[in-house]
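What follows is a set of notes on a single structure, which appears directly below.
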Amino acid sequence: MSNNPFPLSRAELLQAYRTMRTIRDFEERLHVEFAKGDIPGFVHLYAGEEACAAGIMTHLTDVDRIASTHRGHGHCIAKGVDVAEMMAEIYGKSSGACRGKGGSMHIADLAKGMMGANGILGAGAPLICGAALAAKFRGDGGVGVTFFGDGASNQGTVLESMNLAAVWNLPVIFVVENNGYAESTSVDYATAVDSYVDRASGFGVPGVTVDGTDFFAVHEAAGEIIRRAREGGGPALLECKMIRFFGHFEGDAQTYKAKGENERNRETRDCLKLFAARVTDAGVLAAADLALVDREVAALIDDAVAAAKGAPLPLPAELLTDVYASY
């Protein structure tokens, strides 16, 4: 193996690949399983966007909080939420991360700093301001990261939260996962500015746009603005331009996309392929190293699906438990 030209160790690079592969296989498997009709509710898949979650979450610990979206499986996995508990939650089983009561759009694990996926567009932004305010008062160096898409970026909650974070100088990172479509509406049609960095600058918040399919670009930019937030520098915005391989939701006919668009994206803009090419070409990791991870992750997903299918449903008597927190 040659000298390592990357800012991550060999072990860290393997972990980054494992995170992205786990997200990809989890979502690809859900695509198959959902079609069988055994999974209740809606499912929104994160496949194709893995480099964003992995690149950012590499810099976070359990002390840091994130607020996710309806497309939140990737955020959960990258933040360290148990994969088997996630799968059980999506199946609505009592062994799930939220005892089967949250489902795909409301997975949470506060012990991991995962405040929850959220079915309401833009709703995570004000929540993360509260978490960041708490971290600021504790003085523990914690940061809050909120994710939202190009559609949710037009929600008033997001813009109001940017202003609040700037006024209070909160350690908040606003991450725009710009995959080009707000459900089925092109970002060019629905958004007046060319860059979401322009939105942030209106509130005096610095921002940067990166290629969201490039793990290393995301990792570098996220590392700088997260460090700045930890040191009291205040909020920042990170726009990741990327693509989703599937529709807005499972069952989306995707008639708004050009013919062959998904196939071209999978061929030329697959973040896992791009990552694998970079690290193997540099001689830091071998193809056999990545193949071993692939096999281990495949077994993990198989086990998670089998366990979820075999787990019991929540009992009717538990309907009103876990609804309110007790203090």
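The values are calculated or read from the model by the stated rules, or taken from the named source; none is laboratory data. Computed from a prediction, not measured in an experiment: that's the story for all the values here. Note that we place each Cβ from the backbone using ideal geometry, even for glycine, and neighbour counts take in every protein chain shown. Remember, those area values only see protein heavy atoms, side chains included, never the ligands or the DNA or RNA. Shrake-Rupley method; radii C 1.70, N 1.55, O 1.52, S 1.80 Å.
Would you compute, from DSSP H runs of 4+ residues alone, the mean residue ellipticity of the chain at 222 nm, taking -39500 (n - 2.57) per run and dividing by the full residue count, rounded to the nearest 500?
-14000 deg cm²/dmol
Please give the per residue accessible area of region 134-268, computed with a probe of 1.4 Å over protein heavy atoms only, in Å².
Per-residue value: 44 Å².
Assuming 1.002 mPa s and 20 °C, estimate D for region 88-174 with Stokes-Einstein, Rh taken as the Kirkwood radius over Cα pairs, in µm²/s.
Value of D from the Cα-based Kirkwood radius: 156 µm²/s.
Peptides 35-41, 277-283: what's the order by average Cβ count within 10 Å, highest mean first?
Top to bottom by mean Cβ count within 10 Å: 277-283, 35-41.
In whole Hz, what ³J(HN,Hα) sequence does region 213-220 give by Karplus (6.51, -1.76, 1.60; θ = phi - 60°), x for Gly and Pro?
Going residue by residue, I get 8, 9, 3, 5, 5, 5, 4, 5 Hz, with x marking Gly and Pro.
Ratio of region 56-97's C-alpha Rg to 2.2 N^0.38 Å, to two decimals?
Rg over 2.2 N^0.38 Å, computed on Cα atoms: 1.20.
Through the Karplus equation 6.51 cos²θ - 1.76 cosθ + 1.60, θ set to phi - 60°, convert the phi angles of region 84-101 into ³J(HN,Hα) values in whole Hz; use x for Gly and Pro.
Going residue by residue, I get 5, 5, 5, 4, 5, 5, 5, 7, x, 9, 5, 7, x, 4, 10, 6, x, 9 Hz, with x marking Gly and Pro.
Could you tell me which of the pairs Lys112/Lys136; Lys112/Lys309; Lys93/Lys259; Lys136/Lys241 are separated by over 28 angstrom between their Cα atoms in the structure shown?
Among Lys112/Lys136; Lys112/Lys309; Lys93/Lys259; Lys136/Lys241, the Cα-Cα distance tops 28 Å for Lys93/Lys259; Lys136/Lys241.
So in the chain, what percent of DSSP beta bridges are antiparallel if you round to the nearest 5?
In the chain, DSSP labels about 10 percent of beta bridges as antiparallel.
Which whole-number percentage describes the relative contact order of the chain, with Cα contacts under 8 Å and a sequence gap of 6 or more?
Rounded, it is 23 percent for the chain.
Residues with beta-carbon under 15 Å from that of Gly233, excluding Gly233: net charge, scoring Lys, Arg +1 and Asp, Glu -1?
Taking every other residue near Gly233 into account, the sum is +2.
What's the local net charge at Val143, with K and R +1, D and E -1, over the other residues with C-beta under 15 Å away?
Taking every other residue near Val143 into account, the sum is +3.
Any chance you could check the Cα centroid distance between region 229-299 and region 33-95 for me, in angstrom?
Centre-to-centre distance over Cα atoms comes out at 15 Å.
So what J values fall out for region 164-170 if you push phi through Karplus, 6.51 cos²θ - 1.76 cosθ + 1.60 with θ = phi - 60°, rounded to Hz, Gly and Pro as x?
4, 4, 6, 4, 8, 6, 8
Out of residues 5 or more away from Gly207 or on other chains, whose amide H comes under 5 Å of its own, with H placed 1.01 Å from N in the peptide plane?
Under 5 Å from the amide H of Gly207 lie the amide H atoms of Leu237, each far enough along the sequence or on another chain.
As an exercise, identify the chymotrypsin sites (Phe, Trp or Tyr not before Pro) in region 12-84 lying in DSSP coil whose Cβ has no more than 15 other Cβ atoms within 10 Å.
Phe42
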